[in-house]
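Please treat every number below as a calculation from the coordinates, not as lab data. The structure displayed is predicted, hence computed values, not measured ones. Heads up, the Cβs are rebuilt from the backbone with ideal geometry, glycines too, and the neighbour counts pull from every protein chain shown.
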Amino acid sequence: MSLLNGRVAVVTGAGSGIGRATAEALAKEGAAVFATDIDEAGLKVTAGNITAAGGKVETLRQDVTDEAVWDTVMDMAAQKLGTPSILVNNAGIAIGGAIPEFSLADWKTQMSVNVDSVFLGTRAAIRKMMESGGSIINISSVAGLRGAAGLSAYCASKGAVRLFTKAAAVECGRAGWPIRVNSVHPGIIDTPIWQKSITQLGEGMPVNPDMPAGANAMDADVIAAQASPMGRAGRPDEVADLIVFLASDKSSYINGQELVVDGAMTAGG
Ligand code: NAP
């Protein structure tokens, strides 16, 4: 018996990286997946992979910062696949840069894509699931647990996701809505966002507090190997496995928690 048979899951940012791996892993466990992304070509690949593996998937081009679309996403998923009981707020971007030169426009874009989206998605999911129940999983980062030079806006956005998640979990519990809300905090995971975030950082700007100055000039794999005591970047499927667990009844008493998947990057020196 698969873990998620009969469940419907909405996954944002499902056209790439962690979102794609998550959509595929949820489908493999029997969930019907409503996969959304701003990147339609990426979504097509994800949907093709799921279908080829015998899974059920529907797709929608969604900009997660668009409030009007969020108002209809849960209904569209329900119409096509059944009432959703899983939401993975995964879509995100990382805008790097030193604080003195950082523009307010970039700050607002970072907050909009990484934080507004999580609020809008969680609100839409709670409205839909407050009686039937569900599990909401918000993708934060190790950057939501500690600071990183050159990534202040990203850190602020992921810290906001962490505490919004806890507040939402407490509110759902106190209100008697059978919805769990948890955050996932990946370390360095080998996806396009990680590759991009290195090239965006300014010269001499360490990627995180453990990095030597000038680390951005180094190869992404070398940086990942140095940052993680396990000597390598994580794979998207290693994050997806944790998300499947949080989506399933195997985690039925885990709520309002921050779960780290980082190869011991934040565990010590
Ligand atoms: P990714 O491969 O770049 O995937 C992110 C996806 O979200 C892309 O398809 C992207 O489309 C999409 N997206 C961007 N803006 C969007 C918007 N406004 N509306 C809808 N979709 C949008 O990155 P990833 O590594 O899988 O990241 C997934 C999540 O994990 C993010 O929240 C990220 O912050 C978090 N995370 C990643 C790492 C890591 O090392 N990879 C570590 C910690 C946390 P485009 O490609 O067109 O922009």
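Tell me the label-point distance for the pair D75, R174, using the 7 Å Cα-to-Cβ offset, in nm and rounded to one decimal.
3.0
Taking every Cα atom in the chain, find the radius of gyration and the maximum pairwise distance Dmax, and write them in Å.
Considering the chain through its Cα atoms, Rg and Dmax are 17.8, 55 Å.
Can you sort R180, R162 so the residue with the fewest Cβ neighbours within 10 Å comes first?
Ordered by Cβ neighbours within 10 Å, fewest first: R162, R180.
What residue among G15, G144, G48 has the largest mean-square fluctuation in a Gaussian network model of the chain, using Cα springs under 10 Å?
The residue that fluctuates most here is G48.
Among T165, T83, rank each residue by its count of other Cβ atoms within 10 Å, from fewest to most, as a rough exposure measure.
Ordered by Cβ neighbours within 10 Å, fewest first: T83, T165.
Could you please state, rounded to a whole Å, how far the C-alpha centre of the stretch 229-243 is from the C-alpha centre of the stretch 57-109?
Computed from Cα coordinates, the inter-centre distance equals 23 Å.
Counting other beta carbons within 10 Å of each Cβ, put F34, F102, F164 in order, fewest first.
Least crowded to most crowded, the residues run F102, F164, F34.
Normalised by the number of residues in the chain, what is the relative contact order in percent for Cα pairs under 8 Å and 6+ residues apart?
Over the chain, the number comes to 19 percent.
Can you order the peptides 118-127, 221-230 by their average number of other Cβ atoms within 10 Å per residue, highest first?
Per-residue mean Cβ counts within 10 Å order the peptides as 118-127, 221-230.
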